[in-house]
Amino acid sequence: MLSERAAKIKPSPTLAVDAKAKAMKAQGVDVVNFGVGEPDFDTPDYVKEAAIRAIQDGFTKYTPVGGIDELKDAVADKFRRDNGLEYAKDEIIVSCGAKHSLYNIAQALFGPGDEILIPSPYWVSYPDQALLNDATPVYIKTYEKDGFVVRPEALAEAVTKKTKVLILNSPSNPTGLAYNRRDLEAIAGIVLKHDMYVISDEIYEKLVYDGTEHVSIASLGREIKERTLVVNGLSKSHAMTGWRIGYAAGPKEIIKAMTNIQSQSTSNPASIAQKAAVAALTGPEDFVSLMRTEFDKRRKFLVDGLNALKEVCCLNPTGAFYAFPNVSRLYGKKAGTRSIQSSLDLALYLLEDAKVALVHGDAFGDDNYIRISYATSMENIRKGLDRIREALTALQ
Ligand SMILES: *Cc1c(COP(=O)(O)O)cnc(C)c1O
């Protein structure tokens with residue numbers, strides 16, 4: 001009865017742990033949740049006020065499909081200011097979240113037989129968005145010792161006649177690592193040589209630490225800009241996950257196709273949320289830096305705590321709000337009758353026995369790791385670390 005397409009798609013693999021954590025919470029169990037993928041901050045007041053004004057002014061009707069001019073102007077200004085990139089309004093589309101922009105790109109570009117290069121570990125939606133559009137995800141393994149940056153030679157080797165697109169995500173969910181200018185220059189060279197496109201998911205642009213510079217691959221030159229779709233949004237930078245505003249910029253003909261697709265699916269993103277996004281993009285940046293400072297404190301505390309655990313080794317993440325420790329040295333150990341052989345075994349052990357929820361690395365394509373979100377209070381991080389320490393000590 002269901003389409004072939006529907007049958008290919010799995011529910012978000014983070015669900016097993018997440019559903020269980022929620023069920024435990026509902027039963028009154030005190031679970032420390034390191035599984036979250038959204039800032040624990042509230043949307044800033046000046047953004048909320050803009051939305052309230054929009055409602056009171058009756059700005060509650062359909063808007064142009066790809067977003068109101070005022071918001072496209074604010075997005076264009078943002079690209080100029082932050083990334084040194086010039087885009088005209090017909091090179092920009094506003095969608096219902098960055099995920100929706102990514103989906104529109106997949107619909108506009110991917111087809112049967114197309115190979116989509118995805119450096120692994122990867123964000124969970126990239127492979128499924130390729131599959132939903134009959135394309136084939138092709139994974140390129142990246143390594144901890146390289147800071148999870150894709151090796152240029154590995155990228156070149158993965159290219160075939162069918163390669164259509166490379167998906168980059170910097171700073172990365174789940175690794176928390178970012179690509180530097182040199183890395184991106186090497187990648188851009190290969191992309192141009194093989195005539196493919198890049199999708200650059202830069203949703204964590206504003207959350208970088210230790211003096212890390214965020215570089216957009218599109219900013220490296222005119223030619224690579226013409227081959228790149230930059231995706232960004234307000235969800236992470238302004239704690240606006242529920243408002244559903246994201247955007248993409250790139251070649252005019254692709255943006256036009258995406259807008260046509262959006263016109264036949266969701267139409268415009270919510271009018272009220274668009275006004276809120278204008279306020280966020282044109283407003284003061286102190287909210288973002290306040291949030292970044294707080295994340296930075298938690299990041300250091302969490303990573304130090306993880307590295308103090310025997311058999312756990314965690315790279316210093318310089319972006320986003322995740323730590324991605326290597327836990328593979330724990331595999332083969334036992335606690336009572338329970339044997340830990342995989343990241344899922346470990347995640348389930350920590351959830352059931354230590355009441356700590358986190359996501360197994362296998363969900364992101366690498367079973368040697370777990371993902372710990374620090375978008376939660378310092379108190380929770382302290383409590384969670386204590387519990388993990390105790391649970392790991394019990395392993396033999
Ligand atoms: C959160 C996230 C998104 C999606 O953000 P929305 O704008 O809320 O749709 C996209 N990419 C990555 C890597 C993310 O972590």
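A short reminder: the numbers here are calculations on the coordinates, not readings from a lab. Note that this is a predicted model, so its numbers are computed, not measured. Neighbour counts run over all protein chains shown; Cβ positions are idealised from the backbone, glycine included.
Descriptive notes on the structure:
- For the residues P64, P127, P171, a GNM of the chain with alpha-carbon springs under 10 Å puts the largest fluctuation on P64.
- Top positive-direction residue, dipole computed over segment 61-282 with Cβ charges, set L281, Y139, H214: L281
- A protection proxy built from the mean count of other Cβ atoms within 10 Å ranks the segments 369-377, 328-336, most packed first, as 369-377, 328-336.
- Qualifying chymotrypsin sites (Phe, Trp or Tyr not before Pro) in segment 92-150, where qualification requires a DSSP coil assignment and no more than 15 other C-beta atoms within 10 Å, comprise Y143.
- Using θ = phi - 60° and Karplus 6.51 cos²θ - 1.76 cosθ + 1.60, couplings along segment 110-121 (whole Hz; Gly, Pro as x): 8, x, x, x, 5, 9, 10, 7, 10, x, 10, x
- Centre-to-centre separation between the Cα atoms of segment 195-218 and those of segment 315-340: 27 Å.
- Structure-based [θ]222 nm, the chain - -39500 (n - 2.57) summed over DSSP H runs of at least 4, per residue, nearest 500: -12500 deg cm²/dmol
- Pair R222, K383: separation of 7 Å Cα→Cβ label points (nm): 5.8 nm
- Signed unit charges on C-beta, dipole axis of the chain, positive-most listed residue A154, M1, P121: M1
- Centre separation in Å (Cα based) which lies between segment 144-170 and segment 1-62: 30 Å
- The convex hull drawn around the Cα atoms of the chain, when projected onto a plane and averaged over every direction, covers 20.4 nm².
- Between the helical axis of 45-56 and the longest alpha-carbon principal axis of the chain there is an angle of about 50 degrees.
- Considering only G319, G28, G176, the Gaussian network model of the chain with Cα springs below 10 Å gives its largest mean-square fluctuation to G28.
- Neighbour cut-off at most 15 other Cβ (10 Å), DSSP loop, trypsin sites (Lys or Arg not before Pro), segment 68-172: K161, K162
- On Cα atoms only, tilt of 98-109 relative to the major axis of the chain in degrees: 60 degrees
- Check: the chain dipole with +1 on Lys, Arg Cβ and -1 on Asp, Glu Cβ, in debye: 600 debye
- Compared with the dominant principal axis of the Cα atoms in the chain, helix 252-263 is inclined by about 80°.
- Longest exposed-site-free window of the chain, the sites being GluC sites (Glu not before Pro) in a DSSP loop that have at most 14 other C-beta atoms within 10 Å: 87-212
- Nearest-20 debye value, segment 61-282 charge dipole, Cβ charges on Lys, Arg, Asp, Glu: 320 debye
- Of K78/K206; K193/K225; K141/K300; K25/K334, pairs whose Cα-Cα distance is over 20 Å: K141/K300; K25/K334
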